[in-house]
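In what follows, a structure is listed as structure tokens, so that the remarks can point back to it.
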Amino acid sequence: MAKTSSRRDFFIRVGQVSTASIVGGALWGHVLVESKANAFALRPPGALPEKDFLATCIKCGQCVDACPYETLSLTKVGEDGEIGVPHFTAREIPCYMCEDVPCARSCPTGALDREIEINDSRMGLAVLIDQEACIAFQGLRCEVCYRQCPLIDKALTINYRPQERTGKHAFFEPVVHSDVCTGCGMCEQVCILEESAIRILPHKLAQGKLGSNYRLGWKEKTKISNFKDSSPEKTKEERQQESNEMLNNALDSLNDMGTLYD
Amino acid sequence: MISWLKNNRFLISRRISQIGILLLFYVSVHFDWKVGGVEILEGNLSSSTFLGIIPLADPFAALQILFTGHSLFTETLLGAGIILVFYALVGGRSFCSWVCPMNIVTDSSLKLRNWLKIPSAIQISRRVRYYILALALILSALTGVAAFEWISPISMLQRELIFGMKLGWVAAAMIFLFDLFGQRGGWCGHLCPLGAFYSIPGKMSLIRIQFNQDPCTKCGDCHRICPEPQVLNLRRIGEESMVSSGNCTNCGRCVTVCPEDCFQFSFRTKK
Ligand code: SF4
Ligand code: SF4
Ligand code: SF4
Ligand code: SF4
């Protein structure tokens, strides 16, 4: 009798423990999945892709400690985003793109790539998000963001467009180039508007991607050409010579064909 | 006064140690306090660099990251190893009594609770913390983030104490209230997976509380004051002449409370 009841107790116990673990685990797991949801956070330079970054960062703040500009901070309880991991708000303090990248160098876990060259970092992408607000698009001279850009004339250029209203002026429109922009946020910080017209967005929100089926003929001419063994390594002269040869061959064969009609 | 100091000598040293460590982090972060050109302690309790060179890392946090399927730099692994070996020597849960800032919160809650004589509202087994520990590792593997690190009230509290406070104190307040109105010693004694984790290397600790059973009158004072009274099974510790359980936090309360001076800090006796 005592034996069956202790066996019964055992099974009840197992039932209780597993139910509690499953319910508790499901709730806990739900919290974890939900908490990974701030799509707008900007990470320090060299950060791994977001998912790997969030998993690898141990939340120690050594990057925060290393930054001389107090750009970075660990997200606090009650702030937007994943608690404890580093982020920055470009409008308040952007990343000043230190050449020696002390933040990434000090990361103990590998959440930030220590080898990163600052110009290769991609913290986000500047987007001129509101042309109606940007005064450059109203025909006024501004260029403040452009002048502030540490990669001026590469990441941020000015597009000159004739001003039709006056007939003799030009628009000086800032244009961001995604292949160079690091997302440091200096443009967003200095924008003279009350709310910045140019903003840094994480790549997954801001960056487009050309499908692999497209070939930009003028950039990759050799790839789509019919020339048998032309490769992009060849110099312009070589390619020129090659095509001349082919042309000659073609003319030769046309000439040869001519005899058919004799 | 002298006798008060003597009776509370471990409590005072523990608070100095707990607050002192936080303070070292704090001055490194906020004042760039340097000695001989290097910052003493950069980072926080999760991971840090001591004297600009020695890596330290929370081994439980590192383990959770490994369970997410991500690798870590050797530096973090080394840091976690250093901490693990350290606590294996001085007693795993010495972390609880001498380092963890949450311990100040739960100790104060316990003081208030004893003073107000609040009875326990719930009963959670002391084993639950080990289930939570296992669950933390399983969930890390399933969700791909370090499961306990993401919700740990200890991490939230220490991080914000060091880097600037916002709502991190809410985490501490919740633990305080849970311990006050829920279960006596509820968090540290029953739920906290970090304490559970440290109890494992603590099993082989060199520093132990020695117990001399001859003068013991079985008054039970030690039992009443110990945060983990199950480790003070008088028959067992009498046979082993020390407190061998990994859940002893080396807080030294039994040493100071025992009217017959049966307890003292010492090194593990060869068995
Ligand atoms: S590169 Fe320099 S300014 Fe930018 S986040 Fe790192 S330390 Fe701060
Ligand atoms: S140094 Fe690395 S691990 Fe530490 S908070 Fe910064 S990104 Fe995270
Ligand atoms: S600083 Fe602002 S307003 Fe001026 S050009 Fe740049 S985006 Fe436009
Ligand atoms: S049980 Fe947990 S919260 Fe309590 S002192 Fe130990 S590590 Fe800190």
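Read-outs throughout are calculated quantities, based only on the coordinates presented, and are distinct from any laboratory measurement. On a predicted model such as this, the values are computed, not experimentally measured, just so you know. Cβ coordinates were reconstructed from backbone atoms using ideal geometry, including for glycine residues, and neighbour counts include every protein chain displayed.
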Q | Inter-label distance for A:Val180 and B:Leu23, nm, one decimal - labels placed 7 Å from Cα along Cα-to-Cβ | A | 5.2 nm
Q) Going through the DSSP H helices of chain B, which span 27 Å or more along their own axis at the Cα atoms while scoring at least 0.5 as a mean Kyte-Doolittle hydropathy? A) B:9-31
Q | Shielding of B:39-47 by partner chains, average beta-carbon count, 10 Å | A | 6
Q: Take the Cα radius of gyration of the protein assembly as shown and divide it by 2.2 N^0.38 Å, with N its residue count; two decimals is plenty.
A: 1.36
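Using R₀ = 56 Å, calculate the FRET efficiency as 1/(1 + (r/R₀)^6) where r is the Cβ-Cβ separation of A:Thr19 and A:Gln163; round to 0.05.
So the FRET efficiency works out to roughly 0.20.
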Q: Between B:His30 and A:Glu194, take the C-beta separation as r, use R0 = 35 Å, and let me know the FRET efficiency to the nearest 0.05.
A: 0.65
**Q.** 10 Å Cβ neighbours from other chains, averaged over peptide A:46-55
**A.** 3
(Q) Using only DSSP helix segments of four residues or longer, with each worth -39500 (n - 2.57), what per-residue ellipticity at 222 nm results for the protein assembly as shown after dividing by its residue count and rounding to 500? (A) -13000 deg cm²/dmol
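Hey, got the average number of other protein chain Cβ atoms within 10 angstrom for residues in B:68-77? Before the final figure, lay out each step's value.
Details: counts 5, 2, 11, 3, 6, 7, 2, 5, 8, 2.
Mean shielding count: 5.
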Q: With only alpha-carbon atoms counted, please give the Rg and Dmax of chain B, in Å.
A: 19.1, 56
